[in-house]
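K.L.:
Here's a structure for you.
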Amino acid sequence: MCSDVIDAFARRVDLAKLSAAQFIRLLETLHMLGIAGAGVEMRGMSTETLVDVVRRASKEQLRAVAHHPELRRLFLEEIFRRMSDHFLPEKAKYSSIVVNWRFSGGEGDGFDRFQTVIEDGTCRSGTDLGREPVTTITVAADDFFRVATGNAAAATMLVTGRIRVKGEYAPAVRFQGYFDLPRREAPR
């Protein structure tokens, strides 16, 4: 299924009518269809639509995604995969930043880990880029989904303790400013 079809489908679903369990079943079905090669997959969804889905999802629905190991990983990987697409090199041309991300509630030692490197006007993200971080950010996955899609302010979450920072604070505070996140207007 091409991007415009999956986007149209995602926009038509009234998430407010779905319980957290129904939301999870819907995402599991889409993910299963992608694995089966049916041409329907989260990866095909535009960033604009992903941002809109996170905006329309309830806190309970996002928390359910964060507690579902496979969907949690899928959402995290999608966000980190898209970072370089929305990176604004002119905003970071004099910056050299290595950020480690720790998402509580993960398997193993209790955290899922990713790393983002911004240097020389580029942005790369992955599970382990082998770099020494200047900042380590620890946040719940559902809070990160909202912050990464521009649906919550990182500064507010820092002040309230929902985001914890070890190392330099400046990269954590400035991080959202390095990206051009699409915004969808709410329907009238």
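The values are calculated or read from the model by the stated rules, or taken from the named source; none is laboratory data. Because the structure is predicted, anything quoted here is derived from the model rather than measured. Cβ sites come from the backbone with ideal geometry, for glycine too, and all protein chains shown count toward neighbours.
K.L.:
Does LEU88 qualify as being exposed (fewer than 15 other Cβ atoms within 10 Å of the Cβ), hydrophobic (A, V, I, L, M, F, W, C), farther than 25 Å from GLU41 by Cα and touching a residue at least 60 places away in the same chain (Cβ under 8 Å)?
P.N.:
Answer is yes for this residue.
Yes/no matrix, rows are residues, columns are (1) of a type in the set (D, E, K, R); (2) modelled with pLDDT of 95 or more:
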{"residue": "GLY39", "(1), (2)": "no, no"}
{"residue": "GLY44", "(1), (2)": "no, no"}
{"residue": "ASP52", "(1), (2)": "yes, no"}
{"residue": "GLN61", "(1), (2)": "no, yes"}
{"residue": "ALA92", "(1), (2)": "no, no"}
{"residue": "GLY110", "(1), (2)": "no, no"}
{"residue": "THR122", "(1), (2)": "no, no"}
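K.L.:
Here's a follow-up. Anything in the stretch 125-152 that is of a type in the set (A, V, I, L, M, F, W, C) and either touching a residue at least 12 places away in the same chain (Cβ under 8 Å) or more than 28 Å from GLN61 (Cα to Cα) (or both)? List them, or say none.
P.N.:
Residues satisfying the conditions are LEU129, VAL134, ILE137, VAL139, ALA140, ALA141, PHE144, PHE145, VAL147, ALA148.
K.L.:
Given the structure, is VAL51 surrounded by 16 or more Cβ atoms within 10 Å (Cβ to Cβ), aliphatic (A, V, I, L, M) and touching a Pro at 6+ places or on another chain (Cβ under 8 Å)?
P.N.:
Details: surrounded by 16 or more Cβ atoms within 10 Å (Cβ to Cβ): yes; aliphatic (A, V, I, L, M): yes; touching a Pro at 6+ places or on another chain (Cβ under 8 Å): yes.
When the stated conditions are applied, VAL51 passes them.
K.L.:
Does at least one position in the stretch 172-186 carry a residue that is among the hydrophobic types (A, V, I, L, M, F, W, C), in a helix (DSSP H, G or I), surrounded by fewer than 19 Cβ atoms within 10 Å (Cβ to Cβ) and in contact (Cβ under 8 Å) with a residue 12 or more places away in the chain?
P.N.:
We begin by selecting, within the stretch 172-186, every residue among the hydrophobic types (A, V, I, L, M, F, W, C); these are 172-173, 175, 179, 181, 186.
The next check asks that each one be in a helix (DSSP H, G or I); those that pass are 172-173, 175.
So of that shortlist, the ones also surrounded by fewer than 19 Cβ atoms within 10 Å (Cβ to Cβ) come out as 173.
Okay, now just the ones that are also in contact (Cβ under 8 Å) with a residue 12 or more places away in the chain, so 173.
Yes: one or more hits.
K.L.:
Please verify whether PHE103 is part of a helix (DSSP H, G or I), among the hydrophobic types (A, V, I, L, M, F, W, C) and on the phi < 0 side of the Ramachandran plot, treating the condition exactly as stated.
P.N.:
Judged against the criteria, PHE103 is not a match.
K.L.:
Kindly indicate whether any position in the stretch 149-168 is among the acidic types (Asp, Glu) and under 19 Å from THR47 (Cα atoms).
P.N.:
no
K.L.:
Specify the residue that is farthest from the chain's Cα centre (by Cα); the eligible residues are those in the stretch 56-69 that are outside any loop (DSSP other than H, G, I, E, B) and surrounded by fewer than 16 Cβ atoms within 10 Å (Cβ to Cβ).
P.N.:
GLU60
K.L.:
Can you tell which of ASP14, ASP52 is more than 30 Å from THR135 (Cβ to Cβ) and acidic (Asp, Glu)?
P.N.:
Only one candidate qualifies: ASP14.
K.L.:
How about the stretch 91-124: which of its residues are in contact (Cβ under 8 Å) with a residue 40 or more places away in the chain, of a type in the set (A, V, I, L, M, F, W, C) and either farther than 27 Å from VAL53 by Cβ or exposed (fewer than 15 other Cβ atoms within 10 Å of the Cβ) (or both)?
P.N.:
If the condition is that a residue be in contact (Cβ under 8 Å) with a residue 40 or more places away in the chain, of a type in the set (A, V, I, L, M, F, W, C) and either farther than 27 Å from VAL53 by Cβ or exposed (fewer than 15 other Cβ atoms within 10 Å of the Cβ) (or both), then ALA92, ILE97 are the ones that fit.
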